[in-house]
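Novice: Attaching a single structure in structure tokens format; questions to follow.
Read-outs throughout are calculated quantities, based only on the coordinates presented, and are distinct from any laboratory measurement. Quick caveat, the model's predicted, so the values are computed rather than measured. Because the Cβ atoms are built from the backbone with ideal geometry, glycine has one as well, and the counts that use them run over all protein chains shown.
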Number of protein chains: 2
Amino acid sequence: MYQVEIFVTYKESILDPQGEAIQEAVNQMGYREVESVRQGKYFELEISKDVADVQATVEAICDKLLANVTMEAYRYTIKEA
Amino acid sequence: MYQVEIFVTYKESILDPQGEAIQEAVNQMGYREVESVRQGKYFELEISKDVADVQATVEAICDKLLANVTMEAYRYTIKEA
């Protein structure tokens with residue numbers, strides 16, 4: 001089995017209002033040392049070893065379903081379990 | 001500066017309907033080798049070195065704001081940049 005972690009975040013150029021709102025809330029809670037917050041999506045997939053090309057499969061799933069590639073960037077890790 | 005990554009996912013005992021819906025969609029797209037999908041939230045924080053205790057600060061922010069600790073579990077990494 002492959003254990004896959006996928007991280008999807010807004011591209012640097014894209015405004016992240018949710019991240020900014022969280023930062024404001026955190027600063028107001030008294031944690032003034034927090035200088036920036038970015039929020040994203042996180043996925044854990046289990047993929048069977050029968051897959052022909054695990055990397056190509058992960059990238060196709062990200063491109064087609066998990067990330068809006070116009071606004072979001074993704075990265076992933078693949079571990080054999 | 002500290003670079004902090006936070007991963008928030010449902011506790012094992014909690015149903016993850018969104019993860020299941022994604023898995024179904026992925027399988028229907030033809031990626032039958034994907035055996036499970038779990039979705040969560042991902043945060044990147046930058047915290048200044050002036051902070052007294054970075055670990056305690058991160059845990060307080062998770063407990064109070066980023067995670068619903070009744071249903072969600074979180075883990076984090078802290079790197080010095």
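Novice: Looking only at other chains, what is the average number of their beta-carbon atoms within 10 angstrom of each beta-carbon in B:38-51?
Specialist: Rounded to a whole number, the mean comes out at 6.
Novice: Run the quick spin-label model on A:GLN18 and A:GLU80: label points 7 Å from Cα toward the beta carbon, then report their separation in nm to one decimal.
Specialist: In this crude spin-label approximation the distance works out to 3.5 nm.
Novice: Defining the label point at 7 Å along Cα→Cβ, can you sort the distances from A:GLU20 to the same site in each other copy, shortest first, in nm?
Specialist: The answer, with the shortest distance listed first, is 3.8 nm.
Novice: Excluding same-chain residues fewer than 8 positions from A:LYS49, which lysines have a Cα within less than 16 Å of its Cα?
Specialist: Correct list for A:LYS49: A:LYS79.
Novice: Something else: If you place +1 on the Cβ of every Lys and Arg, -1 on the Cβ of every Asp and Glu, and leave all else neutral, what size is the dipole of the protein assembly as shown about its Cα centre, to the nearest 20 Debye? Walk me through the intermediate numbers first.
Specialist: Working: 16 positive and 30 negative charges, 16 e Å.
Here the size comes out at about 80 debye.
Novice: Here's another thing I want to ask about it. Just for the Cα atoms in the protein assembly as shown, what are the lengths along the principal axes, largest first, rounded to whole Å?
Specialist: Dimensions of the protein assembly as shown along the principal axes of its Cα atoms: 50, 37, 25 Å.
Novice: Once you average over the residues of A:27-36, how many Cβ atoms of partner chains fall within 10 Å of each Cβ?
Specialist: For peptide A:27-36, the averaged partner shielding equals 5.
Novice: What is the dipole size for the stretch A:2-80, taken about its Cα centre, with +1 at each Lys and Arg Cβ and -1 at each Asp and Glu Cβ, in debye to the nearest 20?
Specialist: In debye, rounded to 20, the stretch A:2-80 gives about 60.
Novice: What distance in nm lies between label points placed 7 Å from Cα along the C-beta direction at B:SER36 and B:SER48?
Specialist: Result: 4.3 nm between the two label points.
Novice: Rounded to the nearest 500 deg cm²/dmol, what is the calculated helix-only ellipticity per residue at 222 nm for chain B, with -39500 (n - 2.57) per DSSP H run of length n ≥ 4?
Specialist: Values: 2 runs with 20 residues, N = 81.
Calculated mean residue ellipticity at 222 nm is -7000 deg cm²/dmol.
Novice: Springs between alpha-carbon atoms under 10 Å, Gaussian network over chain B: tell me which of B:GLY30, B:GLY40, B:GLY19 tops the mean-square fluctuations.
Specialist: B:GLY30
Novice: Could you give the spread of the C-alpha atoms of the stretch B:2-80 along their three principal axes, from largest to smallest, in whole angstroms?
Specialist: Taking the Cα atoms of the stretch B:2-80, the three principal extents are 50, 26, 14 Å.
Novice: Okay, moving on. In nm, to one decimal, how far is the modelled label at B:GLN55 from the one at A:THR70, with both set 7 Å along Cα→Cβ?
Specialist: It works out to 4.5 nm between the two label points.
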